[in-house]
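Take a look at the structure below.
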Amino acid sequence: MDNLISFLNLNDLALNLLAEAIGIFVTVFLLNLLIKKRVEQREKESEQERARREQELEQEHAQREKENDREIAEDRAREEALQRYLDRMSELVLDENLRESKRHDAVRATARARTLTVLRDLDGNRKGQVVRFLHEAGLIRKLGERQTKEAIIDLKDADLRGANLRSANLSRADLSHADLRGANLGNAKLDGTD
């Protein structure tokens, strides 16, 4: 009987050890499963974050391309507007005798309207080109003693903000009442300029 009790105690001990081993195994298995799930979840979140960042970068790139295309189109439109203006003004000077016109002649009003309109739509460099053209054509210079002392094209209220007039010869130009905020007049020749 003692042997049987010893045997049963031994079996109980073995069963307890087995139960503890199974418990440890299940615990290790569940911890391993939990760790694997967390790793998978982090990888999934990381992949989602990577995909989100990639999508944002693609959207930013598309936005930059769209903005670049818009800027190119606007620049092209400004250049075309400048060329049309110069062509039309040349016609007024050559074909409509703008330089010989009188103060209230329609050709002067037309030239002024075209000038004020185009200046609103141009960038600083092109505004500078317009002013140089007008000065070189003698349209914004105050004339000498024999003629009136006013410019042919009045630039009153002209939008010359940001105009690049660096090193321009603007001698005797009538720029009074033109908006010159932010204009670059560095090294410009301004003798007798209003």
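The values are calculated or read from the model by the stated rules, or taken from the named source; none is laboratory data. If you're wondering where the values come from, they're calculated on a predicted model, not measured in any experiment. All Cβ positions, glycine included, derive from the backbone under ideal geometry; neighbour counts span all protein chains shown. Accessible surface is based on the protein model in full, side chains and every heavy atom, while ligands, DNA and RNA are left aside. Shrake-Rupley method; radii C 1.70, N 1.55, O 1.52, S 1.80 Å.
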Checklist line | Per-residue [θ]222 nm for the chain (sum of -39500 (n - 2.57) over DSSP H runs n ≥ 4, rounded to 500) | finding: -23500 deg cm²/dmol
Margin query: Can you tally the lysine pairs in the chain where the Cα-Cα distance is under 27 Å and the two residues are eight or more apart, or on different chains?
Written below: 14
Next item on the list: Please give the per residue accessible area of the stretch 13-77, computed with a probe of 1.4 Å over protein heavy atoms only, in Å².
Entry: 95
Item checked: Gyration tensor over alpha-carbon atoms, the stretch 56-194, equivalent ellipsoid semi-axes in Å -> 33, 18, 11
Checklist line | Within a Gaussian network of the chain (alpha carbon springs, distance under 10 Å), most fluctuating of Asn125, Asn169, Asn16 | finding: Asn16
Next item on the list: Along Cα→Cβ, 7 Å out, is where each label goes; now give me the distance between the ones at Asp191 and Glu91 in nm to one decimal.
Entry: 3.7
Item checked: Residue of Leu82, Leu18, Leu180 that the Gaussian network model of the chain assigns the largest fluctuation, springs spanning Cα pairs under 10 Å -> Leu18
Item checked: the stretch 77-150-the stretch 27-50 distance, computed between alpha-carbon centres (Å) -> 74
Notebook entry, point to check: Using a simple charge model, +1 on the beta-carbon of Lys and Arg, -1 on the beta-carbon of Asp and Glu, nothing else, what dipole does the chain show about its Cα centre, in debye to the nearest 20?
Noted result: 1380
Margin query: Based on the alpha carbons, how large is the Rg to Rh ratio for the stretch 1-123 when Rh follows Kirkwood?
Written below: 1.88
Check: Can you pull out the trypsin sites (Lys or Arg not before Pro) in the stretch 85-185 that DSSP calls coil and that have at most 10 other Cβ atoms within 10 Å?
Finding: Lys102, Arg103, Arg146, Lys149, Arg181
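Per the Kirkwood definition applied to all pairs of different Cα atoms, how many angstroms is the hydrodynamic radius of the stretch 24-69?
13.2
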Check: Rounded to the nearest 0.05, what FRET efficiency do Glu47 and Arg70 have when you use their Cβ-Cβ distance and R0 = 35 Å?
Finding: 0.55
Notebook entry, point to check: Which of Gly162, Ala109, Val39 sits farthest toward the positive end of the charge dipole of the chain, with +1 on the Cβ of Lys and Arg and -1 on the Cβ of Asp and Glu?
Noted result: Ala109
